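Once you've had a glance at the structure underneath, I'll fire off some questions.
The values are calculated or read from the model by the stated rules, or taken from the named source; none is laboratory data. Since this is a predicted model, take the numbers as computed values, not measurements. Here the Cβ positions follow ideal geometry from the backbone for every residue, glycine too, while neighbour counts run over all protein chains shown.
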Amino acid sequence: MTFDAATLDMLKTGIWETFYMTALSSLFAYIIGLPLGVILVVTDDGGIYPIPWLQKILGVVINLLRSVPFLILLFIVLPLSKIMIGTRIGSPAMIIPLTIAAAPYVARVVESSFRELDAGVIEAAQSMGASTWQIIWKVFLTEARPSLFLGAALAVTTILSYSAMAGFTGGGGLGAIAINYGYYRYKPFLMWVSVVLLVLMVQILQEAWTRLSKKGDKRIR
C-alpha cells in the first residue's frame with residue numbers, strides 16, 4: 001500500500017482528532033478529578049478536615065464508575081453526548097464519555113500522590129496555623145507536584161488508549177482509522193501504521209510528563 005495524498009490527509013486528521021480528544025478529555029477529567037482527589041484525602045479519618053461519611057460515599061461512587069468497562073460506559077453515556085453535543089458519533093461526541101471514564105481514575109491517581117507526602121510536613125504546616133486551604137495549596141499541590149506529573153502521564157496515556165477504543169462506536173481519530181479501514185476493509189498495513197502512530201503519541205506524552213516530574217522534583221539536583 002502506498003501513501004497517497006488522501007491517505008496522508010486521513011492520517012493527519014486522525015492524529016489531530018486523537019490529540020484534541022485526549023487533550024480536552026484530560027483537561028475536563030482533571031477539572032473534575034483533581035478536586036475529588038483532594039476531597040478524598042482531606043476528609044479522610046486522619047485528614048486535615050475529617051468528614052468520614054462524605055469520604056466513604058465519594059469513594060464508593062468513584063469505585064463504581066471505575067469498575068465499569070470503558071466500552072460499556074461508552075454505550076451508556078453516548079445518549080448524554082447526543083443531548084449535550086447533538087450527535088453520538090465523531091470525535092466531539094467522545095469527549096464526554098472519555099471525561100466521565102477518566103475523572104474517577106484521575107481522582108485515585110491524585111489521592112495516591114497526596115498520600116505519599118510525609119505526614120510531618122503536613123503536621124508542621126498545621127502547627128504553624130496554616131488553614132485547610134493553605135495546606136491544600138502550599139503543601140499538597142506543591143510538595144506532591146512531581147508525583148502528580150507522573151500520575152498525569154499515566155492518566156493521559158490511559159485516556160489516549162480509551163480514545164482509540166472509541167473507534168468501535170463511531171468515534172474519530174487513529175483508532176477509528178485502524179478499525180474502519182485497517183480491520184473492516186482489510187488494509188492491515190494501514191491498521192499497523194495507526195497503531196505505530198498511537199504508540200509514538202504515548203511515548204511522547206510519557207516522556208514529556210516524566211521530564212516535567214524530574215524538573216519539579218526538589219530532591220533531584
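For residues that are more than 12 Å from residue 74 (Cα to Cα), in a helix (DSSP H, G or I) and at pLDDT 80 or above, scanning just segment 165-183, find the one that is farthest from the chain's Cα centre (by Cα). Give the steps one after another, and end with the answer.
At the first step, the residues of segment 165-183 found to be more than 12 Å from residue 74 (Cα to Cα) are 172-183.
From what is left, the residues that are in a helix (DSSP H, G or I) are 174-183.
Right, trim to at pLDDT 80 or above and you get 174-181.
On the way: 174: 18, 175: 17, 176: 20, 177: 22, 178: 22, 179: 23, 180: 25, 181: 27 Å.
Restricting to residues being more than 12 Å from residue 74 (Cα to Cα), in a helix (DSSP H, G or I) and at pLDDT 80 or above, the top hit is 181.
Restricting to segment 67-107, and then to whatever is in contact with a Lys or Arg (Cβ under 7 Å, 6 or more places away or on another chain) and surrounded by 15 or more Cβ atoms within 10 Å (Cβ to Cβ), can you tell me which residue is nearest to residue 153 (Cα to Cα)? Break it down stepwise before answering.
Narrowing segment 67-107 to residues in contact with a Lys or Arg (Cβ under 7 Å, 6 or more places away or on another chain): 78, 81-82, 88, 104-105.
With the extra rule that they be surrounded by 15 or more Cβ atoms within 10 Å (Cβ to Cβ), the set shrinks to 78, 81, 88, 104-105.
Values: 78: 26, 81: 26, 88: 28, 104: 15, 105: 12 Å.
Only one residue tops the list, namely 105.
Right, another one. How about segment 108-139: which of its residues are crowded, with 19+ Cβ neighbours inside 10 Å and either under 20 Å from the mean Cα position of the chain (by Cα) or over 22 Å from residue 49 (Cβ atoms) (or both)?
Of everything in segment 108-139, those that are crowded, with 19+ Cβ neighbours inside 10 Å and either under 20 Å from the mean Cα position of the chain (by Cα) or over 22 Å from residue 49 (Cβ atoms) (or both) turn out to be 108, 109, 110, 111, 113, 114.
Give the residues of segment 41-87 that are of a type in the set (S, T, N, Q) and not in a loop (DSSP other than H, G, I, E, B), sorted by residue number. So that I can check it myself, show each step before the final result.
We begin by selecting, within segment 41-87, every residue of a type in the set (S, T, N, Q); these are 43, 55, 63, 67, 81, 87.
Answer for segment 41-87, where residues must be of a type in the set (S, T, N, Q) and not in a loop (DSSP other than H, G, I, E, B): 55, 63, 67, 81.
Taking segment 7-47 as the search range and keeping residues that are crowded, with 18+ Cβ neighbours inside 10 Å and of a type in the set (S, T, N, Q), which one is farthest from residue 165 (Cα to Cα)?
43
Which members of segment 57-66 meet the condition of being surrounded by 13 or more Cβ atoms within 10 Å (Cβ to Cβ) and either among the basic types (Lys, Arg) or within 19 Å of residue 162 (Cβ to Cβ) (or both)?
Once the filter is applied, which keeps residues that are surrounded by 13 or more Cβ atoms within 10 Å (Cβ to Cβ) and either among the basic types (Lys, Arg) or within 19 Å of residue 162 (Cβ to Cβ) (or both), segment 57-66 yields 62, 65, 66.
How many of the residues making up segment 111-125 are part of a helix (DSSP H, G or I) and either touching a helix residue (DSSP H, G or I) at 6+ places or on another chain (Cβ under 7 Å) or closer than 20 Å to residue 37 by Cβ (or both)?
9
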